[in-house]
Structures are given as structure tokens and as C-alpha cells.
Amino acid sequence: MAQERPKEVRSEFLYFALRNRKLRVGLGILVFFLLFAIIGPFLTEYDPNTYAGPSAQPPSSEFWFGTTTFGQDVYSQFAHGLRSTFIVGLIGGGIGTLVGVVIGLLAGYRGGMVDEILNMLTNIVLIIPTLSVLIIIAAYLAVRGILTESVFIGLTAWPWAARAIRAQTFSLRTREFVDLARMSGRSSLRIVFTEIAPNMMSYLFLVFILQFGGAILNAATLDFIGLGPTRGMSLGLMMNNAVLWAALQLGMWWWLIPPGAAIAAIVGALYVMNVGLDEVFNPKLREM
Amino acid sequence: MSLQVENLTVYYRTLRGDVQALENATFTIADGEIMGLAGESGCGKTTLGHSLIYLKPPMRFIEGRVTLDNEELPIWDMERMNEFRFKKISIIPQYAMNAMNPTRKIGKMTAEILESRKVSYKATLPELKRRLDLVELSHDVLNMYPIELSGGMKQRMVMVLSTLLNPSLLIADEITSALDVSTQKAVAEMLVGFRDRGFVKSLMVITHDISILYQIADSIMIMYAGQLAEKASTQVIIHNPRHPYTKMLIGSLPKVGVKHSKQRLAGIPGKPPLLLNPPVGCRFRERCPVAFDKCFDVPPFIEIEPGHFVACWKEFESNA
Amino acid sequence: MLKLDGVSKVYRVGTFGGKELHAVSNVSFEVPDGEVVSLIGESGSGKTTIGRMILRLTPITSGTISFNGVDISTLQGEALKDYYRQVQGVFQDPFSSYNPIFKADRIFRIVREEFFPGMKDQEWNGKLEDSLKAVGLNPAHVLNKFPHQLSGGQLQRFLIARALLLDIQFLVADEIISMLDASTRIDVLNLLADLKESRGLSILFITHDLSLGYYISEHAVILYRGCVVEMGSTDRLYNTPLHPYTRMLMAAVPRLDKKWEKVEVELRGKQSQITTGCVYYDRCPEAERSADCLTHRPPLVQVEDDHFVACSRYME
Ligand SMILES: Nc1ncnc2c1ncn2[C@@H]1O[C@H](COP(=O)(O)OP(=O)(O)OP(=O)(O)O)[C@@H](O)[C@H]1O
Ligand SMILES: Nc1ncnc2c1ncn2[C@@H]1O[C@H](COP(=O)(O)OP(=O)(O)OP(=O)(O)O)[C@@H](O)[C@H]1O
Ligand code: SF4
Ligand SMILES: [Mg+2]
Ligand SMILES: [Mg+2]
């Protein structure tokens, strides 16, 4: 009875998480797309980049989502694109968040020299023209995979996250519960991760959402200028192509809407989840 | 009658059941009256204050009727209360000092609050400045951020802000407890000044510091574990209390000029009951030195002398 | 024994840290073993800053603080942890002392993890129950709740219970009862006094209320704008306060036996900054102020046994 039993805490957390409608809806959408990304590509025999049939066909039983101006199967593009988009978003966004969070927390909590050095690093990464570096690197790598692309994106996207988290940490570290932890002999590192970080949980998740969205868009740009994975396909690339070949003006809505709607739905679901998580993390917001 | 509360019952919903934080409260505050509300920590003072103005989940309205200046307050309806909040009834919440938005300058914050009530900041500014003078704050505070103000300054600022539209009733929740003695005195006297000048008609001053109420309040109401125990004029409560709890409470106050090593003051033995599942009847029963079998029923809150209300069976018996 | 020797704290404030704020100036006093010393002063007088320096939460600008003869600014790592085993603090604002997203009793778990990692559940629960009972809490009422579900008084007593879990010798109690209600105030005061008696605990009792200081301690230090203006036995301070500031503090204490006198409390004066002369000059009501008041800062001089004051009127 005396101390907080972790199991109980977790189950209470789960209780609120499962009861939260926003979280359930967001998670539902996300899981749907995730499953689609995993299973979808197996349901089609067409390669996303080869010419599978007549050009500019509307959806039919043969070509579920229709075909592009060049006769590529939109469904196949979509399914493969969704998969790589998820990979880029999760890995690229994940790395960007992780690096930003660690650097922001350390700089904000330690202050002084540590802060100055990390701040300098942040500024350097911030001003390096990301695209030119990527172009140079791309030129050296003959075969580029989706993983390499994700790592690149993540490693260049963290600075703003670090900035924002540093500011948050700064204001949290003067709170008395941090003093109390210090008087309990907790090491600084532990205080940062067990006292300060949990207070920013929903904020950290928001950072991840933004990083996720940013990574998808960055990947689209890279893919578009041909620096993406060799022979890759992504939702961003699909949209870029559709816009480039005037799909909308030609009435080829089936080319433009699936990738656009999917990106919007995924990012939207993440946002809704964030609001829901806020309610779960913050005991004061929990609906009784 | 400025404020009239009848049978007000408010609970908190929790996973483990309802916390019965306010049970059947019936009392009035007259025009011009400064009523002190005192009682042990957790007895429901804040709950009572809040329920009159911000009754929101996990708070749950059970029953009751509240009228202010002969108009019924729809306290169970957060939306409809907007009409009354700030204009007719205003609150300085407990820990309001720390609740000010740190990123807004005081002036901007004031403007936002006023405009949310559809009152022009420009038109109010002269009056605002006049009142800042009254509480000895320089006009520069409007250009400052909350962190730049000391506790006493913030508290005075919140006081000015919450009474800017001359509400009928101001609920001040523990506004002096974080202040030092000299500022406490100044702020408490300013509250009286606000009443005297008609900025507010009546006041409900919530505090655990009865000695401050003795200095400024006209009447004092004592609560125990969610029930009203006694209400009477300040003199009567301090010098001639009738409820056993009030007697013990007054007796436990730190007295000036007493030293622990020479005379050890006694608190009230025992602890207040858990409000999740409070004892039946008088909730003070378990700690009451004079309790008897009748106390298993809830004692009504009865006027035993003009203006003196008590809820205690023993008292009724000896009066009968 | 805890000893402060010429301790000062200067904060850099203003846009580029261009201005200096002397929060604590040249403060010396000691807290002997097993004694309660009150540190009394208005808001902003530097009480918390002194407490935080003792607790190693704020670095000292100059001077030394030593505990049992050891300069505490040298402590690092295990030695610092050992210091915290003996010296703990409880703060004024119970609400910000808790991490709002965790249950309140997490503060106990942290103590357990850091200081008693090997202890068995049963032994720990007994220990925890004892210290909760010692501070007048019913464990069933208060455990397993979030901070916002508990009242300020309950949270504050939690913090004292936390300190009691350790084998402390010295407690910094920073305004711990200002947010407590009347009946528990006395209980907590008595609790502190009892801990002093039974455990030989030394306490630095920070308060703004002279009468509380009188109740619990034999010695007191009166602080104004970071300077000690009067100090000595509480009997002397209470019965014959000499500094005009001490007298004003006395008059402002709300009491049940008489109403406040109509003395104006000059609030604006609190804001101004005096660089030379007596720190209390601009608020001092003493009619026969000498010219010295404005030009020389009066040092702390002994006026009688166990009674020191810093006011030009008491200098030979
Ligand atoms: N959000 C909540 N959920 C559940 N119970 C609550 C909540 N807020 C308050 N309570 C309980 O309701 C009771 C009354 O609380 P309230 O805050 O009104 O007391 P109070 O008299 O204002 O105390 P204090 O003097 O410490 O401010 C307490 O027992 C408290 O534990
Ligand atoms: N981190 C800080 N940076 C700059 N100034 C500070 C800081 N902390 C405190 N101060 C200033 O130092 C002075 C003393 O503050 P301190 O908190 O020690 O006073 P106090 O006597 O504890 O007051 P209170 O009764 O309000 O708690 C104040 O003027 C305060 O504004
Ligand atoms: S009603 Fe009974 S238990 Fe309650 S205070 Fe009176 S005598 Fe005591
Ligand atoms: Mg309250
Ligand atoms: Mg302080």
C-alpha cells in the first residue's frame, strides 16, 4: 500500500488511454494505414514504376485506383509509397526527435558550458544548407536506400526541436520538485529523464508529429529531384508527379487524391492522438 | 440579501467514487457583509467558493439553489455562468498568484480578460489606474510580466483585476496566506477598503488564518469535513463559540507570546474523516468530546440566536 | 552545528546581467546542534536564498557555510549525498514541490530508490507509515493520489514526512506552515519542536511571523533586504525589540487579543534600493534619525547579553 506500484500506475495509464476517444480514433486511423502499408503491396502484381496498362484510366476492377498518364498502376504506387512514407516518417522523424530531445534536455538542464557547446552545434547544423549536403552525399552513394535517406533527413532536422525543448527545460528546471529530486541525491542525468522529460511528454509527442510530417515532406523533395532511393516511390513523390503532370486540370483526381488524403489523414490522426495523450498524461485534464 | 445559498451539495467524481466535499450548505451573506470562511485544510472551503462560480468536472453539482441579488445563479451550467462571472460574482482563486500567464504583460492580460467579457479596456483604463493607486501599485506594473512582481504585488494586482467591474460578491480564497505579515496586513485592510468604497458589495474571505478574520471580517462561518458547523458574528465566534469544533479550533490557534518550552499549545486530536466515505450523522462525531447517540443523525444548521447558526445536537439539547 | 560566516549572494539581473542584486549581504550566524533558530523577515529579505544556499541548491557568492566543521561547498558526489542524508529542506509552496503528472507519493519512492535501495517492502512500508503518522496523516487518506487531489496542508506534511524518512540532523523549514490551516499549524510546530527534543534535530525555521518564531525557538535572526538587522534570544527580541523594523513586524502580526493598530504599512518603500546607509532608512519612522542613518551602514553591535542590533541609535 505504501509506495506507488508501477504495475498499478501503468494499468491506470492504460485505463485512461483506452477510454480516451481522441486517442482511440487517432490510433485506429494510424493502425489502418500501417496495416495497409504492410499488406497493401502484396495485393498487387504491378510494379509501381513500370507501365502496366493504358494511360490515364479511371479506377476499375483491373486498376483499382486507376492509372497515371504513363500507365502506371496508382494503387501499386500508393501501397508502396505508403510503406516508404511510413519508414521515412518513423525513422527520420524518430531520429530527428531523439537527437533534438537529448540535446535540448541536456543543454536546458545543465546550462553553462554544456549549453554553449550544444548551442553552437545546433547553430552549425541549422545554417548548413541541408539540400546541398544531401546532394553531395547522394553523389557519392551509387545505390541509395530508403533507410539512408531517412537517416539523412533525421540528422539534419533536429535543431529546431532542440531549441524548443531547451526553452521548455529551462523553465521546468527551476521548479521545486526538481530541487527536491536534487536533495534526494538524484544524478542530473536521471533528473532530466525522470523528472523533466515526463512533464513534456505531450510536447515531445508534438515534436515527433512535426518531425514525422517534416520528414515526409523532405523525402518528397528529395525523391522529386531524383535524390531519393533509387527507383523508390513515396506518397510525396506521387503528389509531386501528379501536380507536375497537371492531374487535377486533366480531371485525373484518382492520381492526386489518394496520396494527399493519406498524408492528411496520417498527420491529422497524429494530431488528434496528441490532444488525447495530453489528456492522459496530464491528470488534471482527465475526464472522470 | 446579497447571496443566498440553499442546500448546496457538490461532490467530486473520482475513480473510487464520489468525494462528498460539500454537503447541504445553507447560509446567506448580507449586503456589505464580509464573511470569513474558515476550517481545516480539506474541509471544502475552496469547493464551496468554486462551486459558486466555476463548477466544472470533476466537480459535480448534486443539488441546491444559489441566488445573488434575487437572481438565481445557474451554477451547474458553465456556459450560462459566463454572464455572471467577473461582472456580478468574482473570485480570486487560491494560488492565483502563480496562475497568471507568465508570457503576457499584466496590461495585456487585463485587456484580454476585459475584452472576453465585452468590456472596453480603453474605457476602463482610468478607473484601473485609480485603483492601482489605491493599492499602492505604480502604473508601470501594466507593462511588466508577472514574474517581475513580488507576491504581495501580484496579490494586489489580482485584487484590482477581479473587482474591476464592481461585482456584487467577491470570493477571496486564501489571498493572504502566502504573504508576509506586513503585506498581509496591508492586503487585508485593502479588502475592507474595497468594500467600504463599494467596489464590491459583499465578500467571502476564505482563509485558515482566523486571526486575520478577527481583524477584518463581520462574520465567520466554520466548516468541518464538508458540513457547515457554525456561523455567527466575529466577536461571537472568537469569544463565545457554541459548536464543539469551533471551540477546539479557536483553542488551537497559536497565541502571541506563548513559548513551546513553557506552554505547549494543543491541536485538535484526531484527523478529519475521509470524504470519500464520510461517517453518517455529524461528521465531527469521531473527534467530538461530547458526542452522544443522537449524533448519528445529521444535525441541522439552526439559528439559535439572531444571526448565530449552529449544527450540533448537544447544543440544541442544552438550549432546549 | 551549522555555521554561516560572512555569506553573501549576488544575483545578476537585468537584460544582460548588467545589474547586481544583493539578495544576501554578509550574513553570519550559527545553528547549534539540537536547537531551533528562526530566520525572520519580510518577503524578499533573502530568507529562501539563505535556505537554498545551505541546501546546496544555490551557489554562494562569497563567505562560507560549514556543517560540523566541513565547508559544504566542497562536497561532491557521494559526500554530497551523505550531506543530504543529514540535511534536508521543506519548501513553502507545496504545489510546485510535486511533479504534477505523477502521484504525490512518488517523492517517497525517490527517497527509497536513492537512499534505501535494498530495503524490503514490508520494512519500508512500516517506516513510511510511521513517518506519515508522525506528521499527522492517515496513510489511507493520502497515498496513491495526485497532487491536485490533495490539499496544500496534506502536501506540506508529505514533505516533512519525506525528510523524516532520512536520518536527518538538520532541517531547513522554509515557511512551511504559512500555507497550513490553524489547527495543523500548531501540530506541525509542535511536531518540529518534538523532533528537536526527541531526535536532537536542529532546525532553521524560516518565517515572517515573529510570534511563531517566538513559540518555537530560543534564538532568532531578523533579516531585512539581505542584512541581519537584529539577532539574539527570542525573549529579548520579543519583549524588547530594538530595531524599528522588528517593531513593525511585531505590530503587523494578526492576533486574537487585539485588533491591528492603524499603522500604515508603507508598501512602496519595499521596492527602492539603498546603497549606502541603513537598509531600512526609507521606511524608518523613527523621528530622531541621525544623519548617520543615511551615510553609514550601522554594523551589528551587541547591546546586551545575547542581543545584537544594527541601528545607529544603539551605537556608542
Ligand atoms: N479534484 C479533486 N478530486 C477529488 N477530490 C478532491 C478534488 N479537489 C479537492 N478534493 C477533495 O475535496 C475536499 C475539499 O477540498 P477543498 O480544496 O475544498 O478544501 P479546502 O478547505 O479548500 O482546503 P485547503 O485549506 O487545504 O485549501 C478534500 O478532501 C479534497 O481532498
Ligand atoms: N534566481 C534569482 N535570480 C534573481 N534574483 C533572485 C533569484 N532568486 C531570488 N532573487 C531575489 O533575491 C531576493 C531575495 O529573495 P528570497 O526568495 O531569498 O526572499 P525571501 O525572504 O525568501 O522572500 P519570501 O518571503 O517572498 O519567500 C529577492 O529580491 C528576489 O527577487
Ligand atoms: S452534533 Fe454531536 S458529534 Fe456533532 S459536534 Fe455536536 S455533539 Fe459533537
Ligand atoms: Mg482551499
Ligand atoms: Mg522565501
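The values are calculated or read from the model by the stated rules, or taken from the named source; none is laboratory data. Note that the structure is a prediction, hence the values are computed from the model and not measured. Ideal geometry is used to build each Cβ from the backbone, glycine not excepted, and the neighbour counts take in all protein chains shown.
Checking the stated criteria, C:GLY77 turns out not to satisfy the condition of being outside the structural domain of C:VAL253 (by TED's automatic domain parsing) and either touching a residue at least 60 places away in the same chain (Cβ under 8 Å) or within 16 Å of ligand 4 (Cβ to nearest atom) (or both). Which members of the range C:121-151 meet the condition of being in contact (Cβ under 8 Å) with a residue 40 or more places away in the chain and small (Gly, Ala, Ser)? Across the range C:121-151, the qualifying residues are C:ALA134, C:GLY136.
Residue-wise test of (1) within 15 Å of ligand 4 (Cβ to nearest atom); (2) at positive phi; (3) in contact with a Pro (Cβ under 9 Å, 6 or more places away or on another chain).
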residue	(1), (2), (3)
C:GLY136	no, yes, no
C:ALA140	no, no, no
C:PRO147	yes, no, yes
C:LEU155	yes, no, yes
C:LEU165	no, no, no
C:ALA173	no, no, no
C:SER178	yes, no, no
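Condition first: part of a strand (DSSP E or B) and more than 16 Å from ligand 1 (Cβ to nearest atom). Now tell me which residues in the range B:49-100 satisfy that. Hits for the range B:49-100 are B:GLU63, B:ARG65, B:VAL66, B:THR67, B:LEU68, B:GLU71, B:GLU72, B:ARG85, B:ILE89, B:SER90. Summed over the range A:13-23, residues that are surrounded by fewer than 16 Cβ atoms within 10 Å (Cβ to Cβ), under 16 Å from A:SER202 (Cα atoms) and in contact with a helix residue (DSSP H, G or I) (Cβ under 8 Å, 6 or more places away or on another chain) total 1. Taking the range C:118-139 as the range and being surrounded by fewer than 18 Cβ atoms within 10 Å (Cβ to Cβ), part of a loop (DSSP other than H, G, I, E, B) and within 28 Å of the chain's Cα centre (by Cα) as the test, only C:ASN138 passes.
Taken as a whole, the structure places B:TYR121 among residues that are touching a helix residue (DSSP H, G or I) at 6+ places or on another chain (Cβ under 9 Å), at pLDDT 80 or above and surrounded by 14 or more Cβ atoms within 10 Å (Cβ to Cβ).
For the condition of a type in the set (A, V, I, L, M, F, W, C) and within 14 Å of chain A (Cβ to nearest Cβ), B:MET59 qualifies.
Select the strands (runs of 3 or more DSSP E) contained entirely in the range B:204-320, then report the ones holding at least 2 residues which are more than 16 Å from ligand 1 (Cβ to nearest atom) and under 18 Å from B:LEU37 (Cβ atoms).
Working: elements: B:219-224, B:227-233, B:302-305, B:308-310.
Counting at least 2 such residues, we get B:227-233, B:308-310.
Taken as a whole, the structure places A:THR85 among residues that are surrounded by 16 or more Cβ atoms within 10 Å (Cβ to Cβ) and at pLDDT 75 or above.
Tell me, which strands (runs of 3 or more DSSP E) wholly within the range C:18-92 include 2 or more residues that are touching a Ser or Thr at 6+ places or on another chain (Cβ under 9 Å) and more than 11 Å from every other protein chain (Cβ to nearest Cβ)?
Numbers: elements: C:19-31, C:36-41, C:62-67, C:87-90.
Qualifying strands (runs of 3 or more DSSP E): C:19-31, C:36-41, C:62-67.
Here B:ILE222 meets the list (1) in contact with a Pro (Cβ under 9 Å, 6 or more places away or on another chain); (2) away from chain C (no Cβ under 12 Å); (3) modelled with pLDDT of 90 or more almost entirely, failing just condition (2). Is the range B:117-136 home to any residue that is more than 16 Å from ligand 5 (Cβ to nearest atom), closer than 29 Å to B:SER51 by Cα, of a type in the set (S, T, N, Q) and not in a helix (DSSP H, G or I)? Scanning the range B:117-136 turns up at least one residue that is more than 16 Å from ligand 5 (Cβ to nearest atom), closer than 29 Å to B:SER51 by Cα, of a type in the set (S, T, N, Q) and not in a helix (DSSP H, G or I). Counting only helices (runs of 4 or more DSSP H) that fall entirely inside the range A:141-197 and contain at least 1 residues that are within 11 Å of another protein chain (Cβ to nearest Cβ), the qualifying elements are A:159-172, A:176-182, A:188-191.
What about C:VAL27, is it away from ligand 5 (no atom under 12 Å from the Cβ) and crowded, with 23+ Cβ neighbours inside 10 Å? Lay out the reasoning, then the answer.
On the way: away from ligand 5 (no atom under 12 Å from the Cβ): yes; crowded, with 23+ Cβ neighbours inside 10 Å: yes.
So C:VAL27 fits the description; yes.
Per the conditions (1) in a loop (DSSP other than H, G, I, E, B); (2) within 7 Å of another protein chain (Cβ to nearest Cβ), the sole criterion not satisfied by C:ALA104 is (2).
Taking the conditions exactly as written (under 29 Å from C:THR276 (Cβ atoms) and either surrounded by 14 or more Cβ atoms within 10 Å (Cβ to Cβ) or away from ligand 1 (no atom under 16 Å from the Cβ) (or both)), does C:GLU20 satisfy them or not? Yes; evaluated as a whole, the condition is true for this residue. When C:PHE116, C:PHE158 are checked against the criterion of being touching a helix residue (DSSP H, G or I) at 6+ places or on another chain (Cβ under 8 Å), of a type in the set (Phe, Trp, Tyr) and within 14 Å of chain B (Cβ to nearest Cβ), a single residue qualifies: C:PHE158. Just one residue in the set A:PHE65, A:PHE70, A:PHE78 is over 21 Å from A:MET201 (Cα atoms) and either basic (Lys, Arg) or assigned to a helix (DSSP H, G or I) (or both); that residue is A:PHE78.
Can you tell me which of B:LEU161, B:LEU137 is surrounded by 15 or more Cβ atoms within 10 Å (Cβ to Cβ) and more than 21 Å from the chain's Cα centre (by Cα)?
B:LEU137
Regarding the range B:7-28, can at least one residue be identified that is surrounded by fewer than 16 Cβ atoms within 10 Å (Cβ to Cβ), part of a loop (DSSP other than H, G, I, E, B) and in contact with a Leu (Cβ under 9 Å, 6 or more places away or on another chain)? Looking through the range B:7-28, at least one residue is surrounded by fewer than 16 Cβ atoms within 10 Å (Cβ to Cβ), part of a loop (DSSP other than H, G, I, E, B) and in contact with a Leu (Cβ under 9 Å, 6 or more places away or on another chain).
If you go through the range B:230-239 and keep only what is of a type in the set (A, V, I, L, M) and within 10 Å of chain C (Cβ to nearest Cβ), you end up with just B:ILE238. The residue of the range C:175-225 that is farthest from the other protein chains (Cβ to nearest Cβ), among those that are away from ligand 2 (no atom under 16 Å from the Cβ) and of a type in the set (S, T, N, Q), is C:SER202.
Table: residues versus (1) within 22 Å of the chain's Cα centre (by Cα); (2) at pLDDT 85 or above; (3) more than 9 Å from chain C (Cβ to nearest Cβ).
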{"position": "B:PRO241", "(1), (2), (3)": "yes, yes, yes"}
{"position": "B:SER252", "(1), (2), (3)": "yes, no, no"}
{"position": "B:SER261", "(1), (2), (3)": "no, no, no"}
{"position": "B:ALA266", "(1), (2), (3)": "no, no, no"}
{"position": "B:PRO279", "(1), (2), (3)": "no, yes, yes"}
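Tell me, which residue of the range C:34-48 that is within 9 Å of the chain's Cα centre (by Cα) and near ligand 5 (Cβ under 9 Å from one of its atoms) is nearest to A:ARG175 (Cα to Cα)? Across the range C:34-48, the extreme among qualifying residues is C:THR48.
Suppose we keep only residues that are of a type in the set (Lys, Arg) and farther than 23 Å from C:VAL87 by Cα within the range C:193-243. Which one would you say is farthest from the chain's Cα centre (by Cα)? It would help to see each step written out before you state the result.
Taking the range C:193-243 first, the residues of a type in the set (Lys, Arg) are C:196, C:199, C:225, C:236.
Now drop any that are not farther than 23 Å from C:VAL87 by Cα, which leaves C:225, C:236.
Numbers: C:ARG225: 15, C:ARG236: 20 Å.
Here the answer is C:ARG236.
Restricting the first member to the range A:157-185 and to residues that are farther than 27 Å from A:VAL88 by Cβ, and the second to residues that are among the acidic types (Asp, Glu), the beta-carbon pairs closer than 7 Å and six or more apart or on different chains are A:GLU176/C:ASP93; A:PHE177/A:GLU195; A:VAL178/A:GLU195; A:ALA181/A:GLU195; A:SER184/C:GLU114; A:GLY185/C:GLU114. When B:VAL66, B:VAL5, B:VAL19, B:VAL10 are checked against the criterion of being touching a strand residue (DSSP E or B) at 6+ places or on another chain (Cβ under 7 Å) and over 25 Å from B:LEU213 (Cβ atoms), B:VAL19 stands alone in meeting it.
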